[in-house]
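Shown next, in structure tokens, is the structure this report addresses.
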């Protein structure tokens, strides 16, 4: 792999000629030490950390379509670590720390922009909840600042502070280290870095079954032939259920649609990530000027990747309630991704009841920001056949043990998380 | 009950094919599977919906999760939730 650097860039500018491809297109071998199903952000990060941290280089990442075609390219690119429940707090902070060094680690600019995230409170009780969240964060060494109404007004002068505001703004919680990253670059960066360590990234290769005997998985059947594997890992969030079903597993997961939206580009004015407190709604401005925002899942399980119009209206209502000035902006693009929803809103990074089969999924709303730590912990789980201390809480049997991580206190409802 | 009504008046209520353990059962495995596990099929799905902004009745709907094509709906209290002939 040719490193990207200023001198290389200057050399190319002077001499011309194409850059070499960022990763190879190898034919699948008949056997690997580890086969990872799913070439999304989590699968690629897992492959990279298996090679970089654990010295396992004989790895294949099998992707049904092409790299960057799934949820890693279908999110609102927000990274943050403001979680209250023990387990989540530490895991997502570790992820943010990995984000902070990721461009250097991968020699690929993931365009991390720590522009800060403000979660708004619209009443005194909600501000108390945010104060508690901020205290939990600070006790864990994570930056958090509680803002009163005046401080929010100075920071975000374009929100609705009028007496007509449906949800008056009482204050907010600011995490300055939160922000956004370029999602495609994360997929490409991990793919390129993993490939450089010898990982075979095999696109257009769909897994159709498992080689399974006596409770042990020994490889996969694919659209490009059988591949045997010492260890097999599933990282296909959105479709975890039916890949796991090929191995006879039934998961605590339901697949739901989450829509995201981009407006026409305007001059920079939203300098932070802003989360509305009255509904689930979050907005930031991309480097191209488009406002990027999203809301709740559509509310029923679906694999269609097509959103419902009533949700478009709800999200637009949130946007205008918060920022009346954008009411005449036009939507440029909008799309839906399929996400795994779990009964407690938290993910799985774990062993499974089958030997040599590992699961990474159930990411709900938080897959993108978790990508580095997810790969880090999942690689550890696969290499050691044991959970990483940071992700031990994300086991498949946590519901049996009363170990739910119900961040929002909602209860056992996939579609209400 | 209410006739044809707008989608926004209804709320999804989960998989209707899961057999609920008998009332008072102490079988933790059966309760765990009932509450936490899902078939989550890509295709035919039989599910609960409630007409929240209307008659408040619970319905059982047949729907294809790969296309969102909707089949028949019946009142849940008529026992439509039992595991039988889910559309494929």
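The values are calculated or read from the model by the stated rules, or taken from the named source; none is laboratory data. Fair warning: this is a prediction, and the values are worked out from it, not measured in the lab. Backbone-built Cβ (ideal geometry, glycine too); neighbour counts: all protein chains shown.
Could you check segment A:6-23 and list, in sequence order, the residues that are modelled with pLDDT of 90 or more and in contact with a helix residue (DSSP H, G or I) (Cβ under 8 Å, 6 or more places away or on another chain)?
A:22, A:23
Anything in segment B:2-14 that is within 8 Å of another protein chain (Cβ to nearest Cβ) and either surrounded by 14 or more Cβ atoms within 10 Å (Cβ to Cβ) or touching a residue at least 24 places away in the same chain (Cβ under 8 Å) (or both)? List them, or say none. Don't jump to the end; show me each part of the working.
Taking segment B:2-14 first, the residues within 8 Å of another protein chain (Cβ to nearest Cβ) are B:7-8, B:11-12, B:14.
Scanning segment B:2-14 gives B:8, B:11, B:12, B:14.
Just give me the residues in segment A:346-365 being surrounded by fewer than 24 Cβ atoms within 10 Å (Cβ to Cβ) and either modelled with pLDDT under 95 or not in a strand (DSSP E or B) (or both), in sequence order.
A:352, A:353, A:354, A:356, A:364, A:365
Kindly list, by first and then second residue, each pair from a residue in segment A:259-283 that is under 20 Å from residue A:71 (Cβ atoms) to a residue that is in a loop (DSSP other than H, G, I, E, B), limited to pairs with Cβ atoms under 6 Å and residues at least 6 apart or on different chains.
Cβ pairs passing all conditions: A:259/A:307; A:260/A:76; A:262/A:290.
Going through segment A:381-400 one residue at a time, which ones are within 21 Å of residue B:37 (Cβ to Cβ) and assigned to a loop (DSSP other than H, G, I, E, B)?
A:387, A:395, A:396, A:397, A:398, A:399, A:400 - these are the residues of segment A:381-400 that are within 21 Å of residue B:37 (Cβ to Cβ) and assigned to a loop (DSSP other than H, G, I, E, B).
Can you give me the ranges of the helices (runs of 4 or more DSSP H) entirely in segment A:6-116 with at least 2 residues that are closer than 14 Å to residue A:235 by Cα?
Hits in segment A:6-116: A:41-54.
Would you be able to tell me the number of residues in segment B:19-47 that are touching a helix residue (DSSP H, G or I) at 6+ places or on another chain (Cβ under 9 Å), more than 10 Å from chain A (Cβ to nearest Cβ) and either buried (at least 16 other Cβ atoms within 10 Å of the Cβ) or part of a strand (DSSP E or B) (or both)?
1
Scanning for something within 14 Å of chain B (Cβ to nearest Cβ), out of contact with any strand residue (DSSP E or B) (no Cβ under 6 Å at 6 or more places or on another chain) and modelled with pLDDT under 95, does segment A:243-265 turn up at least one residue?
no
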